[in-house]
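K.L.:
Before anything else, here's the structure in question.
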Amino acid sequence: MRFATPTPLIAMLLQAAYDPIREEIGRLQRNFQGLIWGFVAAWVILLLYTLMLTARERKIRREMERLKSMVEETEKK
Amino acid sequence: MFAMLALAMVLLVRNLYTISLLPDEVNQGQIFRIIFFHLPAAIAAMLGSAVALVASVMFLWKRNFQYDALAVAVTEVGLAFLAVNLVTGSIWAHVIWGIWWAWDPRLTSALICWILYAGYLILRQALEEPTQRATFAAVYSIFAFTDVPIVYFSIRWWRTIHPQPVFFSKDGSFPPDWSRALLINMVAIFLLYTVLTMIRLRQEQTQREIDYLRRTVHAI
């Protein structure tokens, strides 16, 4: 009885496992996902800062109105 | 101010379309397009820190609180833009270098710059008396600016994994459409920076009025 040497079989399995096309598609997908995450991160940071500014603006306006009415009331007395 | 903000938004959104039409960079592929945010954010933050330096020096010289307000406004907005630069850089590094962060001279000096300017804002929170706060903050801002040239020249002074300048340099080899798209994004980001600084500056001025009214109320 003759058996085939295992070397060609291993080589075939290795070849099947390493698919350059699939690897390249994976690389391109990671590349594209990285780009999207980068853009999203940039916009999110700027949006968060803008929201922070808006919240502060509202707080300052409320404080201003409160103080103005306080001054007016004190002057009336 | 609204017109400037609208123009910045229109330019940024329109440019997203232009950027998507550009061909992929040969070695890095699509991720290279992140440069259209990464670089303008860094330049805007650096220019902001230069304005903060000038405003701080002017405050120490003239003792005019308008300069102090300008310094804090540009520094705070600059911090947000530097954060954009650091985060987009980190994402870019993860795709190309396989790591989120490297203790490389450019990256480290930029992070130190961010920490220094965050320290500037923390220092301002810690001081109550307005003149003392403005004086200490101005001196601190001048000190913090010493890191900015180090960030800029770090890629020339030391061996670093961060790439050398590719746009607007004699070694750069980018086609004109890439440079044009970058310039448009730069203009849009500068406009956005200016608008945010103007809003922050107005808030700082209103805060001073509030402080004045508080003193008036206490005096009455």
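Read the figures in this text as sums done on the coordinates, not as results from a lab. On a predicted model such as this, the values are computed, not experimentally measured, just so you know. With ideal geometry, Cβ positions are generated from the backbone for all residues, glycine too; neighbour counts draw on all protein chains shown.
K.L.:
Return the equivalent ellipsoid semi-axes of the range B:14-88 as a descending list in whole Å, where each equals the square root of 5 times an eigenvalue of the C-alpha gyration tensor.
P.N.:
Square roots of five times the eigenvalues give 36, 10, 9 Å.
K.L.:
So for the range B:59-169, Kirkwood radius off the Cα pairs, Stokes-Einstein at 37 °C and 0.692 mPa s: how many µm² s⁻¹?
P.N.:
The calculation lands on 211 µm²/s.
K.L.:
Over all residues in A:67-76, what is the mean tally of Cβ atoms on other chains that come within 10 Å of each residue's Cβ?
P.N.:
3
K.L.:
Continuing with the same structure: So for each of B:150-159, B:35-44 I average, over its residues, the number of other beta carbons within 10 Å; can you give me the resulting order with the highest mean first?
P.N.:
Averaged packing, sorted descending, gives the order B:35-44, B:150-159.
K.L.:
Mind ordering B:90-96, A:20-26, B:123-129, B:12-18 by average Cβ neighbours within 10 Å, highest first?
P.N.:
Highest-to-lowest ranking by the protection proxy: B:90-96, B:12-18, B:123-129, A:20-26.
K.L.:
A further question follows. List the DSSP H helices in chain B whose Cα atoms stretch 18 Å or more along the helix axis and whose mean Kyte-Doolittle hydropathy is at least 0.5.
P.N.:
B:2-21, B:35-62, B:65-96, B:105-126, B:130-145
K.L.:
Residue farthest toward the positive end of the dipole of the range A:6-76, with Cβ of Lys/Arg at +1 and Asp/Glu at -1: which of A:Val40, A:Val71, A:Leu51?
P.N.:
A:Val71
K.L.:
For the range A:6-76, what is the per residue volume of the convex hull drawn over the alpha-carbon atoms, in cubic angstrom?
P.N.:
Dividing the Cα hull volume of the range A:6-76 by its residues yields 75 Å³.
K.L.:
For the protein assembly as shown, compute the orientation-averaged projected area of the C-alpha convex hull (one quarter of its surface), in nm².
P.N.:
Averaged projected hull area, Cα only: 23.3 nm².
K.L.:
Chain B: percent of C-alpha pairs farther apart than 30 Å?
P.N.:
So the pairs more than 30 Å apart make up 32 percent of the total in chain B.
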